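What follows is a short report on a single structure.
What follows is calculated from the coordinates using simple rules that are stated; it is not laboratory data. All values reported here derive from a predicted model rather than from experimental measurement. Methodologically, a virtual Cβ is constructed for each residue, glycine included, from the backbone with ideal geometry; neighbour enumeration extends over all protein chains shown.
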Amino acid sequence: KKKYTLLMVDPDAPSRQKPSRAYWRHWLLVDIKGEALQRGDVSGVELSAYTRPTPPQGTGLHRYQFLVFEQPEGQSLSLSPQESSL
C-alpha cells in the first residue's frame with residue numbers, strides 16, 4: 001500500500017574540493033510500491049532518467065548516494081518546470 005521515492009545523487013559534483021553542484025541528480029523514481037521494493041524491484045515512474053556517473057577527469061573520488069523516502073499517502077509527486085530542465 002505504501003509508495004516510495006528513490007533518488008541517486010552525487011554530493012561531490014563537480015569535485016569534493018569545490019562541490020558547487022553538490023547533490024547532482026542522477027536518477028529519480030517515484031511511486032515505487034512497497035511490496036515491490038521489499039523484493040528489490042525498483043520499478044516506478046521515472047521523473048529523471050538514469051545517467052551514469054561520469055566524474056570529470058582529475059576531480060578525485062566521488063560518492064554516489066541512493067536515498068529512499070516514503071511518499072505521503074495520496075499525493076502525486078512531480079518536478080517543477082525548472083527542475084525538469086536540469
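Points to keep in mind about this one:
- In summary, the aspartates and glutamates within cross-link reach of Lys2, defined as a Cα separation below 13 angstrom excluding same-chain residues under 8 places away, comprise Asp31, Glu35, Glu70, Glu73.
- Leading residue at positive end of dipole, segment 30-86 (Cβ point charges), from Leu67, Gln57, Val45: Gln57
- Sequence-distant contacts, meaning Cα pairs under 8 Å at least 6 residues apart, place the relative contact order of the chain at 36 percent.
- Under a model in which nothing but the beta-carbon of Lys, Arg (+1) and Asp, Glu (-1) is charged, the chain shows a dipole of about 240 debye around its Cα centre.
- Share of Cα-Cα pairs in the chain lying beyond 22 Å, as whole percent: 34
- Förster radius 35 Å - calculated FRET efficiency between Ser43 and Ser15, Cβ distance, rounded to 0.05: 0.55
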